[in-house]
Amino acid sequence: MTVKENFELAKKAYEKWDIDIDHVFAQLKQVPISIHCWQGDDIGGFEVNQSELSGGIEVTGDYPGKATTPEELRQDIEKALSLIPGKHRINLHAIYAETDGIAVERDELEPKHFEKWVQWAKKNGLGLDFNPTLFSHEKASSGLTLSHPDKEIRQFWIDHCIASRKIGEYFGKELGTPCLTNIWIPDGYKDTPSDRLTPRRRLKESLDEIYTVKLDEKFNIDAVESKVFGIGSESYVVGSHEFYYGYALKNDKLCLLDTGHYHPTEMVSNKISSMLLYSEKLALHVSRPVRWDSDHVVTLDDELKELALEIVRNDALNRVIIGLDFFDASINRVAAWTIGTRNMIKALMLGMLMPNEHLKQLQEDGNFTERLALLEEFKTYPFGAIWDYYCETMGVPERENWLNDVKQYEKEVLSHRE
């Protein structure tokens, strides 16, 4: 049977539950995923004086074909986008500035250092998001940045974050879609601290100074990102979830939840409904932790499906900004982007292919037997046929056929890189 014939049969199964597949397709097309550029070069960036990766971040593997120039990185991103259905966004870090061989310190970065990224984004119809880079730098070697006891070091990072927010505003103005500028810092201690409050007070004061510079929210959206622990900060992280959620609520900023930044048994999917009661919007960095924040490529696991379902059934597609954050150097990097992003979209589609209102009513009625039965039966509904046809209508390969394109690209392009 053809993809279309399989689709028509599957469509009837869902229509029995008044699920409008045409509406699902139309809705899904409108959801942009912010795809992180740093999967393509193992978070190397293009600074003239590159520092070793630090800040509790670890990238393992040495698969050949890593992008080593901005042109190669953009070429690889374009290849991945050609295999992913929909129109999406690209998320940059400050270390991806292009300074024409001139050493520019991070607190001196300007919009002009990202002009080529903007030109490329315009050409490809993409939005851009941004992150100041508060790691892999001599002034972050102690593991402390915005909470550092040395005011001079704190000021350097404050100025870097202010510069980054202005770059985000530039992206928004140039591209006609607001840039999410997200602040994450590695600050913390390896062993039990003797004072938790003072570093958090300094972080709050640093953030307050960063945000005294007022920018137009039509062009730049501010977010802050927490973490529970990391390499070198196993016992204490200054920017905890409680710290940042309180700060975000009080100061009208977005709280960004990275799915790898919580206790291994703590589910981000369970936080969304509570946080949406008090926050107009949330942001996500979707990753896959394996025992710790290891940033594995996103797979279609139970937590990803539950995360997407929470967004869909609570009518929050316009309230939750979805980005990705993983980096695996042990496999083909274009394939990693493709696998992870397609899985995020698959999870959203699965959420849309559920009789959510009926299931909600069953819960309200106390009919837990039928609710559980339906939840289990829908696990084996013919979702794959719907997904395949969606890919076909969007002009990208269905099923595993995209892998042939990646293999050909590796043969013709990636294998020739040093």
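The values are calculated or read from the model by the stated rules, or taken from the named source; none is laboratory data. It should be emphasised that the depicted structure is a prediction, and the values quoted were computed from it without experimental measurement. Please note: Cβ atoms are built from the backbone with ideal geometry, for glycine as well, and neighbour counts cover all protein chains shown.
Please go through segment 375-392 and give me each residue that is crowded, with 16+ Cβ neighbours inside 10 Å and either of a type outside the set (D, E, K, R) or over 13 Å from P85 (Cβ atoms) (or both), ordered by number. Quick ask: steps written out before the conclusion?
Initial filter on segment 375-392 (crowded, with 16+ Cβ neighbours inside 10 Å): 378, 381-383, 385-392.
Within segment 375-392, F378, Y381, P382, F383, A385, I386, W387, Y389, Y390, C391 qualify.
Give me a count of the residues in segment 141-189 that are at pLDDT 95 or above and part of a loop (DSSP other than H, G, I, E, B). Spell out how you get there, then give the answer.
Narrowing segment 141-189 to residues at pLDDT 95 or above: 144-189.
Within this subset, residues satisfying the condition of being part of a loop (DSSP other than H, G, I, E, B) are 144-150, 176-178, 184-187.
Matching residues across segment 141-189 total 14.
For segment 133-165: of the residues being among the polar types (S, T, N, Q) and farther than 12 Å from E108 by Cα, which is surrounded by the most Cβ atoms within 10 Å (Cβ to Cβ)?
Quick first cut of segment 133-165, residues among the polar types (S, T, N, Q) only: 133, 136, 141-142, 145, 147, 155, 164.
Okay, now just the ones that are also farther than 12 Å from E108 by Cα, so 133, 136, 141-142, 145, 147, 155.
On the way: T133: 23, S136: 21, S141: 13, S142: 13, T145: 28, S147: 24, Q155: 15.
My answer is T145.
With the requirement that a residue be touching a helix residue (DSSP H, G or I) at 6+ places or on another chain (Cβ under 6 Å), acidic (D, E) and part of a loop (DSSP other than H, G, I, E, B), what does segment 42-94 give you?
Within segment 42-94, just E47 meets the criteria.
Looking only at residues in segment 326-372 that are buried (at least 21 other Cβ atoms within 10 Å of the Cβ) and among the β-branched types (V, I, T), which one is farthest from Q27 (Cα to Cα)?
Among those residues, the one meeting the criterion is V334.
Consider E209 carefully, then state whether it is farther than 25 Å from E280 by Cβ, over 20 Å from the mean Cα position of the chain (by Cα) and not in a loop (DSSP other than H, G, I, E, B). Let's see the steps before the verdict.
Working: farther than 25 Å from E280 by Cβ: no; over 20 Å from the mean Cα position of the chain (by Cα): yes; not in a loop (DSSP other than H, G, I, E, B): yes.
Against the criterion (farther than 25 Å from E280 by Cβ, over 20 Å from the mean Cα position of the chain (by Cα) and not in a loop (DSSP other than H, G, I, E, B)), E209 does not qualify.
Just one of the numbered conditions (1) surrounded by fewer than 14 Cβ atoms within 10 Å (Cβ to Cβ); (2) of a type in the set (G, A, S); (3) assigned to a loop (DSSP other than H, G, I, E, B) is not true of A26; which one?
Status for A26: all satisfied but (3).
Residues are listed down the side, and each one gets a yes or a no for (1) surrounded by fewer than 22 Cβ atoms within 10 Å (Cβ to Cβ); (2) at pLDDT 95 or above; (3) part of a loop (DSSP other than H, G, I, E, B):
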site: G239; (1), (2), (3): no, yes, yes
site: Y247; (1), (2), (3): yes, yes, no
site: K250; (1), (2), (3): yes, yes, no
site: C255; (1), (2), (3): no, yes, no
site: H263; (1), (2), (3): yes, no, yes
site: L300; (1), (2), (3): yes, yes, yes
site: E303; (1), (2), (3): yes, yes, no
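So is I33 buried (at least 19 other Cβ atoms within 10 Å of the Cβ), more than 28 Å from G101 (Cβ to Cβ) and either of a type in the set (F, W, Y) or in contact with a strand residue (DSSP E or B) (Cβ under 8 Å, 6 or more places away or on another chain) (or both) or not?
So I33 fits the description; yes.
Can you tell me how many residues in segment 212-227 are assigned to a loop (DSSP other than H, G, I, E, B), hydrophobic (A, V, I, L, M, F, W, C) and either surrounded by fewer than 16 Cβ atoms within 10 Å (Cβ to Cβ) or touching a residue at least 60 places away in the same chain (Cβ under 8 Å) (or both)? Break it down stepwise before answering.
We begin by selecting, within segment 212-227, every residue assigned to a loop (DSSP other than H, G, I, E, B); these are 212-219, 226-227.
Among the residues that remain, those that are also hydrophobic (A, V, I, L, M, F, W, C) are: 213, 215, 219.
Add one more test, that the residue is either surrounded by fewer than 16 Cβ atoms within 10 Å (Cβ to Cβ) or touching a residue at least 60 places away in the same chain (Cβ under 8 Å) (or both), and what stays is 213.
Within segment 212-227, residues that are assigned to a loop (DSSP other than H, G, I, E, B), hydrophobic (A, V, I, L, M, F, W, C) and either surrounded by fewer than 16 Cβ atoms within 10 Å (Cβ to Cβ) or touching a residue at least 60 places away in the same chain (Cβ under 8 Å) (or both) number 1.
State whether one or more residues within segment 261-271 are of a type in the set (K, R) and either closer than 26 Å to I339 by Cα or under 15 Å from the mean Cα position of the chain (by Cα) (or both). If you could, list the steps in order and put the result at the bottom.
The initial filter retains those residues of segment 261-271 that are of a type in the set (K, R), namely 271.
Adding the requirement that they be either closer than 26 Å to I339 by Cα or under 15 Å from the mean Cα position of the chain (by Cα) (or both) leaves 271.
The answer is yes, given that some residue of segment 261-271 is of a type in the set (K, R) and either closer than 26 Å to I339 by Cα or under 15 Å from the mean Cα position of the chain (by Cα) (or both).
Identify, please: which residue in segment 393-404 is touching a helix residue (DSSP H, G or I) at 6+ places or on another chain (Cβ under 8 Å) and surrounded by fewer than 18 Cβ atoms within 10 Å (Cβ to Cβ) and is, among those, nearest to K29 (Cα to Cα)? I'd like the intermediate steps shown before the answer.
Residues of segment 393-404 that are touching a helix residue (DSSP H, G or I) at 6+ places or on another chain (Cβ under 8 Å), as a first pass: 393-394, 396-399, 402-403.
With the extra rule that they be surrounded by fewer than 18 Cβ atoms within 10 Å (Cβ to Cβ), the set shrinks to 393-394, 399, 403.
Numbers: T393: 11, M394: 9, R399: 18, L403: 22 Å.
Within segment 393-404, the match that is nearest to K29 (Cα to Cα) is M394.
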